[in-house]
1. Any residue at all in the stretch 68-76 that is in a helix (DSSP H, G or I), under 26 Å from the mean Cα position of the chain (by Cα) and either in contact (Cβ under 8 Å) with a residue 40 or more places away in the chain or within 23 Å of residue 179 (Cα to Cα) (or both)?
2. Which residue is surrounded by the most Cβ atoms within 10 Å (Cβ to Cβ), if the candidates are limited to the stretch 108-121 and must be assigned to a loop (DSSP other than H, G, I, E, B) and out of contact with any helix residue (DSSP H, G or I) (no Cβ under 7 Å at 6 or more places or on another chain)?
3. For the structure I just gave you, tell me whether residue 171 is within 30 Å of residue 2 (Cα to Cα) and in contact with a strand residue (DSSP E or B) (Cβ under 7 Å, 6 or more places away or on another chain).
4. Testing residue 416 on (1) surrounded by 12 or more Cβ atoms within 10 Å (Cβ to Cβ); (2) in contact (Cβ under 8 Å) with a residue 12 or more places away in the chain; (3) part of a helix (DSSP H, G or I), one condition comes back false. Which one is that?
5. From the list 459, 446, 427, pick out the single residue that is surrounded by 19 or more Cβ atoms within 10 Å (Cβ to Cβ), in contact (Cβ under 8 Å) with a residue 40 or more places away in the chain and over 39 Å from the mean Cα position of the chain (by Cα).
6. Looking at residue 57 and the list (1) farther than 20 Å from residue 277 by Cα; (2) touching a helix residue (DSSP H, G or I) at 6+ places or on another chain (Cβ under 9 Å); (3) outside any helix (DSSP H, G or I), which single condition is not satisfied?
7. Hey, does the stretch 333-346 have a residue that's touching a strand residue (DSSP E or B) at 6+ places or on another chain (Cβ under 8 Å), more than 13 Å from residue 256 (Cβ to Cβ) and in a helix (DSSP H, G or I)?
């Protein structure tokens, strides 16, 4: 058992998005590969924006993706006493101080610094103030080092260093008494024993602010790995205008979790030229050494291709159950219809999502067929009456209803009438489905059965033009 401890720490201010899901996946794979511990922490200190609905959605998405965690979920909102205790410790040791500057004074200082070409950071007015009254409105600032540098070896980006004179004396407790993000993250990671922090590279600039806090509190500094961002096809930061960004939206659109996992891991990680990975293979092969330094570009077509692969190669009973769920959401009743497994099997080659499968399966369960106008006008014409009646005659003469027997019945009919398949086959397809795009006539009739197939062809004869 490894002593590796990693974490995923989402904020419950919305759903689990693609970038967060990838971060969670990378942490999960590292923990599983090393036999370490994967911790889930909900960073819900933003009371105004954090919701239980978002927390539930994050947990649901983790479950759907198969990212089981070993500890948690821990909630920052339940750890406020610990944060206050550590702030008090820093105050007592002179490693933090109370700042009484008003918002107006701070704005004035920023404007002056900018006017003079200086970085608009806090100028340290209260840094060495002798009196520290508790009863006056104040924030608490961390006494950041003001010389030298803060550096760390990022496991993805390599050596990163910051000049300490660029760092601000960060506020760690607001005027209302609530602690700030950069501080509570340090306390949480330290007290939870997190020794490798894998997170998005939008946190790179937070790291030099956090490292001195670990050191000031006597905590070991963890290793860091900052994962490049995910961009849209136009190379801007991934957002809703690039399509769905919520993980569960993809579930609702008919994507399989294994396709999403496979796609997410390849957004920034590679293993030779391989594209298809099971979760077990990912656990075996994943490493931060093969995570690229450049941003990943989200490609919906690649995700769709992977999804189609997993649908075609998935367990047919599982796929069928999922399709049945989508049909139920569409209000399609399947209880007295044809065999669902046969229905799904007939559509697998054409569909890229479960929703496409469900949409394609609708006609199998329809009480009456609605014809596409273009298809009806082209194929359900008056000259098809005799051929369609001949089809019914030969179908009703069959002893059994299989693809082979239907094909034989059609062959016998063509021999008896001299018709070619193109003279009646498309009309049969439209009669059965209402459209021109579907599985083969032989397969559909075998699934629908003789009685239902003949009923639909008779109904089509009634509307011939």
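1. Within the stretch 68-76, one or more residues are in a helix (DSSP H, G or I), under 26 Å from the mean Cα position of the chain (by Cα) and either in contact (Cβ under 8 Å) with a residue 40 or more places away in the chain or within 23 Å of residue 179 (Cα to Cα) (or both).
2. Per the stated criteria, the residue is 121.
3. For residue 171, the condition - within 30 Å of residue 2 (Cα to Cα) and in contact with a strand residue (DSSP E or B) (Cβ under 7 Å, 6 or more places away or on another chain) - is not met.
4. (1)
5. Of the residues listed, the single one that is surrounded by 19 or more Cβ atoms within 10 Å (Cβ to Cβ), in contact (Cβ under 8 Å) with a residue 40 or more places away in the chain and over 39 Å from the mean Cα position of the chain (by Cα) is 427.
6. Going through the list (1) farther than 20 Å from residue 277 by Cα; (2) touching a helix residue (DSSP H, G or I) at 6+ places or on another chain (Cβ under 9 Å); (3) outside any helix (DSSP H, G or I), residue 57 breaks only (3).
7. No: zero hits.
Rundown of residues vs (1) touching a strand residue (DSSP E or B) at 6+ places or on another chain (Cβ under 7 Å); (2) more than 28 Å from residue 48 (Cβ to Cβ); (3) crowded, with 17+ Cβ neighbours inside 10 Å, yes/no style:
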| position | (1), (2), (3) |
| --- | --- |
| 137 | no, no, no |
| 161 | yes, yes, no |
| 175 | yes, no, no |
| 185 | no, no, yes |
| 200 | yes, no, no |
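The values are calculated or read from the model by the stated rules, or taken from the named source; none is laboratory data. Everything quoted here is computed from the prediction, not taken from an experiment. Counting neighbours? That spans all protein chains shown, and the Cβs are built from the backbone with ideal geometry, glycine included.
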